[in-house]
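Asker: Let me give you the structure first, and then I'll get to my questions.
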Amino acid sequence: MKNTKSIIKIVIILFLFTTAFIPKICFGAFQKPQKAKNGMVVTVSTPASLVGVQILKDGGNAVDAAVAVGFALAVTYPYAGNIGGGGFMVIHLNNGKNTTIDFREKAPLRATRDMYLDKDGNYTPSLSKEGATSVGVPGSVAGLICALKRYGTMPLEKVIQPAIDLAEKGWRLDDRTVAAFIKNLENFKKYPSSYKIFSKDGKPYLEGEIFKQPDLAWTLEQIKENGTDGFYKGKVADLLIKQIKEFGGIISHKDLIKYKPVERKPVISTYRGHKIVSMPPPSSGGIILAEMLNILENYHFNPNEWGSSIYYHKLVEAMKYAYADRSVHLGDADFYPVPQKGLLSKEYAKSIFLKIGNKATPSSSIKAGNPMRYQESTETTHYSIYDKYGNAVSVTTTLNSAFGNKIVVEGAGFLLNNEMDDFSSKPGVPNQFGLIGGEGNSIQPEKRMLSSMTPTIILKDGKPYIVIGSPGGSTIITTVMQVILNCIDFNMDIQTAIDMPRIHHQWLPDKIFFEKYAVNLDTAEKLRALGYKLADIRKSFRILGIAEGIMIDNTNHIIYGASDPRGGGSAEGY
Ligand code: DON
């Protein structure tokens, strides 16, 4: 009798333990990706995913859907979706063409190299991170319209209308958005134009309430009627400049008129027979991703080593060397000679691989390499789209911090970015992501600040296989890389590859950052024995990235979509 009682007790305890912990331990490792036959849209916001998939159902291509989603996210994900920020779009067309649209923000014409230093030469982070002095000239509206004109099939009126409807008629607030509004309420309080929108006369919004943004709807209408001129000229531009001037910023009408997105050749590299198509400078994403993968290609991953100290040792050393290169060799290639070919060279990666021993190399003894020798002769959100025609689009867009610089343009209802903080304001001094830089990423008028955004498309036998990207500042590139390794080296489906816990190292600080459950006690002990320092995740990143991905099974004609459970979005296919 006593025995039966204790068995029952143990069973109850075990039941409670498993039901309480399994979903958190595996946060989604048992989720299946969404499946579809025709097309897929994966974003961090379900209303925006639904906008995109409707465009696909109406016969639009992936670029039409990407533009519609871009505008919709400005309404349903004010945290990072935007018209006051910038981003990058990587496109693969079914005719085999790969291209990118760079709509990164630019430094204003009146920007100067030392604009964030005081008279003693000390860096003042609040100036580059907060308020009107932190704003880069926005690129999103010009970029989305440029992509639509060059590669879309639908008129602007059609693709922007869903965003206008969402702003005008409103959408139902979810718990995450409400929590984000509340968390930032004190910041919004500093700006009446923002406080008015993200609270109800100072009272927080509640989950389930309908959230309307009439001023933003009006701005989107101006864009619908006048295209880029609706934003960069006329009434919206007047309101934007007025707001910036009022708070002491330096962006002028001339900056807005001069802003142009740029179509650039993607960074193309290979990894174990796959073609990696990603973003060139002014993003460091494509090059640093390729450099890390090129280093890791020299290893053979044993299927059972995932999560072990041996596995993390390989990853972390590759990360450190690549991020050291980032700090010196990367910047806007229109202003600085980025040694792209050298950084992408397999021989250069091999030379780094040969330096990696079986112990941690302290970051202090790792310096940026000399890729020139290998030159032959340079708060954010991501969405992924694939259409029934075989086109793929990968977009990462940002205001930089959550809700950018927190300033809504009075009367125009949109938030402004604080992207100037992505420049290296003073050599060797870290920005908000702890990244350091030098001459390559110094401030110059009209220069684009270096980014880590890594929208990527992976081709297998010439056809889209994976569409992937993530937010996360400096952790974007390592997030994208780990999802790719999980798929290609460890054969995971796209949902599992995204769900699995991640680690991050960026050379400096010399610490491994890791998510809960990424490093167990045994592994931590072994990593320490190899000479690694482990960061306390609770004091740093709670999560590493929010990846949104698609995997295409071209043999069975199935499209798999996976939204990262770290965010609140969805994969919508049909
Ligand atoms: O372009 C960049 O690298 C940064 N502005 C991205 C910021 C970001 O990902 C913040 N989101 N979590």
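Asker: Evaluate the following for residue 513: is it hydrophobic (A, V, I, L, M, F, W, C) and within 16 Å of the ligand (Cβ to nearest atom)? Before the answer, list the steps.
Answerer: Numbers: hydrophobic (A, V, I, L, M, F, W, C): yes; within 16 Å of the ligand (Cβ to nearest atom): yes.
It is true that residue 513 is hydrophobic (A, V, I, L, M, F, W, C) and within 16 Å of the ligand (Cβ to nearest atom).
Asker: For the stretch 118-148, how many residues are closer than 18 Å to residue 405 by Cβ and either outside any loop (DSSP other than H, G, I, E, B) or aromatic (Phe, Trp, Tyr) (or both)?
Answerer: At the first step, the residues of the stretch 118-148 found to be closer than 18 Å to residue 405 by Cβ are 123-141.
Keeping just the survivors that are either outside any loop (DSSP other than H, G, I, E, B) or aromatic (Phe, Trp, Tyr) (or both) gives 123, 125-129, 132-134, 137, 140-141.
Matching residues across the stretch 118-148 total 12.
Asker: Being away from the ligand (no atom under 16 Å from the Cβ), more than 20 Å from residue 88 (Cβ to Cβ) and open to solvent by 10 Å² or more (accessible area, probe 1.4 Å) is the requirement here; does residue 388 meet it? Lay out the reasoning, then the answer.
Answerer: Working: away from the ligand (no atom under 16 Å from the Cβ): yes; more than 20 Å from residue 88 (Cβ to Cβ): yes; open to solvent by 10 Å² or more (accessible area, probe 1.4 Å): yes.
So residue 388 fits the description; yes.
Asker: In the stretch 299-313, what residues are part of a helix (DSSP H, G or I) and open to solvent by 20 Å² or more (accessible area, probe 1.4 Å)? Talk me through it step by step, then tell me what you get.
Answerer: Initially, the stretch 299-313 is screened for residues part of a helix (DSSP H, G or I), giving 309-313.
310 - this is the single residue of the stretch 299-313 that is part of a helix (DSSP H, G or I) and open to solvent by 20 Å² or more (accessible area, probe 1.4 Å).
Asker: So, one more: So residue 399 ticks every box in (1) open to solvent by less than 10 Å² (accessible area, probe 1.4 Å); (2) touching a Ser or Thr at 6+ places or on another chain (Cβ under 7 Å); (3) under 30 Å from residue 92 (Cβ atoms); (4) within 11 Å of the ligand (Cβ to nearest atom) but one. Which box is left unticked?
Answerer: (2) is the only condition that residue 399 fails.
Asker: Oh, and also: Can you tell me which residue in the stretch 488-507 is surrounded by the fewest Cβ atoms within 10 Å (Cβ to Cβ), limited to those that are over 20 Å from residue 570 (Cα atoms) and away from the ligand (no atom under 16 Å from the Cβ)?
Answerer: From the stretch 488-507, those over 20 Å from residue 570 (Cα atoms) are 488-491, 502-507; that's our starting set.
From the residues that got through so far, the ones that are away from the ligand (no atom under 16 Å from the Cβ) too are 488-491, 503, 505.
On the way: 488: 20, 489: 20, 490: 19, 491: 10, 503: 25, 505: 28.
Step by step, filter the stretch 488-507, then rank; the result is 491.
Asker: When only residues in the stretch 453-473 that are over 20 Å from residue 282 (Cα atoms) and aliphatic (A, V, I, L, M) count, which is nearest to the ligand (Cβ to nearest atom)? Steps first, please.
Answerer: Kept after step one, since they are over 20 Å from residue 282 (Cα atoms), are these residues of the stretch 453-473: 458-467.
Applying the additional criterion that residues be aliphatic (A, V, I, L, M) yields 458-459, 466-467.
Details: 458: 21, 459: 24, 466: 20, 467: 18 Å.
Looking at residues that are over 20 Å from residue 282 (Cα atoms) and aliphatic (A, V, I, L, M), I get 467.
Asker: Next up: Looking only at the stretch 261-297, count every residue that is surrounded by fewer than 18 Cβ atoms within 10 Å (Cβ to Cβ) and of a type in the set (Gly, Ala, Ser) and tell me the total.
Answerer: 1
Asker: Please go through the stretch 448-484 and give me each residue that is closer than 24 Å to residue 557 by Cβ and among the charged types (D, E, K, R), ordered by number.
Answerer: Result: 460, 461, 463.
Asker: Okay, moving on. Regarding residue 476, is this residue assigned to a loop (DSSP other than H, G, I, E, B), within 16 Å of the ligand (Cβ to nearest atom) and at negative phi?
Answerer: Numbers: assigned to a loop (DSSP other than H, G, I, E, B): no; within 16 Å of the ligand (Cβ to nearest atom): yes; at negative phi: yes.
When the stated conditions are applied, residue 476 does not pass them.
Asker: Among the residues of the stretch 541-566 satisfying the criterion of being assigned to a loop (DSSP other than H, G, I, E, B) and more than 22 Å from the chain's Cα centre (by Cα), which is surrounded by the most Cβ atoms within 10 Å (Cβ to Cβ)?
Answerer: Taking the stretch 541-566 as the starting set, the residues that turn out to be assigned to a loop (DSSP other than H, G, I, E, B) are 541-547, 554-557, 564-566.
Filter once more, so that each one left must be more than 22 Å from the chain's Cα centre (by Cα): 554-557.
Values: 554: 14, 555: 6, 556: 6, 557: 9.
Across the stretch 541-566, the extreme among qualifying residues is 554.
Asker: Pull up the stretch 60-117, narrow it to residues that are within 16 Å of residue 277 (Cα to Cα) and part of a loop (DSSP other than H, G, I, E, B), then point me to the one that is least open to solvent (accessible area, probe 1.4 Å). Let's see the steps before the verdict.
Answerer: From the stretch 60-117, those within 16 Å of residue 277 (Cα to Cα) are 88-102; that's our starting set.
From what's left, part of a loop (DSSP other than H, G, I, E, B): 93-97.
Values: 93: 21, 94: 94, 95: 115, 96: 43, 97: 87 Å².
In this case the residue turns out to be 93.
Asker: Residue 477 is checked against (1) surrounded by fewer than 22 Cβ atoms within 10 Å (Cβ to Cβ); (2) touching a helix residue (DSSP H, G or I) at 6+ places or on another chain (Cβ under 9 Å) and fails just one. What number does that condition carry?
Answerer: (1)
Asker: Also, I was wondering about something else. Residue check, residue 450 against (1) surrounded by fewer than 24 Cβ atoms within 10 Å (Cβ to Cβ); (2) within 14 Å of the ligand (Cβ to nearest atom); (3) among the aliphatic types (A, V, I, L, M), all met but one. Which one?
Answerer: (1)
Asker: Can we say residue 56 is hydrophobic (A, V, I, L, M, F, W, C) and open to solvent by 10 Å² or more (accessible area, probe 1.4 Å)?
Answerer: Numbers: hydrophobic (A, V, I, L, M, F, W, C): yes; open to solvent by 10 Å² or more (accessible area, probe 1.4 Å): no.
When the stated conditions are applied, residue 56 does not pass them.
The values are calculated or read from the model by the stated rules, or taken from the named source; none is laboratory data. Fair warning: this is a prediction, and the values are worked out from it, not measured in the lab. Every residue, glycine among them, receives a Cβ derived from its backbone with ideal geometry; neighbour counts consider all protein chains shown. Each accessible area value is taken on the protein alone, full model and side chains, heavy atoms only, with ligands, DNA and RNA left out. Shrake-Rupley method; radii C 1.70, N 1.55, O 1.52, S 1.80 Å.
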